[in-house]
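What follows is a set of notes on a single structure, which appears directly below.
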Amino acid sequence: MSDKLLVRTYSAGVWVGELVGEIKDQTGTLKNARNLWYWDGAASLSQLAMEGVKSPDNCKFPCVVDTVTLYQVVQTMPITKIAEESIDSVDVWSR
């Protein structure tokens, strides 16, 4: 497994990063975090956490941010090294 965690929130989308401390009262902070805005090649978040994306050129992942505090956390999953490498291979999205 990777040191990174996939986090789904109620309204801020899906993020991957390193958990700072713990998630408490549905609030958590990630460091070195990336928002997974749109992905192609995984049918579910569990598949994304295990296998990563199969079509990195079709994904829209913005740049990594130093830290982000996420509210209304509804799901977390550790990601595999394979998934981490796949997610990291996606270029920073731009217009």
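Would you confirm whether or not region 42-62 contains a residue that is surrounded by 13 or more Cβ atoms within 10 Å (Cβ to Cβ), part of a strand (DSSP E or B) and of a type outside the set (Lys, Arg)?
For region 42-62, residues surrounded by 13 or more Cβ atoms within 10 Å (Cβ to Cβ), part of a strand (DSSP E or B) and of a type outside the set (Lys, Arg): present.
Could you list all residues from region 65-89 that are over 10 Å from the mean Cα position of the chain (by Cα) and assigned to a loop (DSSP other than H, G, I, E, B)?
Residues satisfying the conditions are 71, 72, 80, 89.
Just so you know, all these numbers are worked out from the coordinates, no wet-lab data involved. Note that the structure is a prediction, hence the values are computed from the model and not measured. Glycine also receives a Cβ, built like all others from the backbone with ideal geometry; neighbour counts cover every protein chain displayed.
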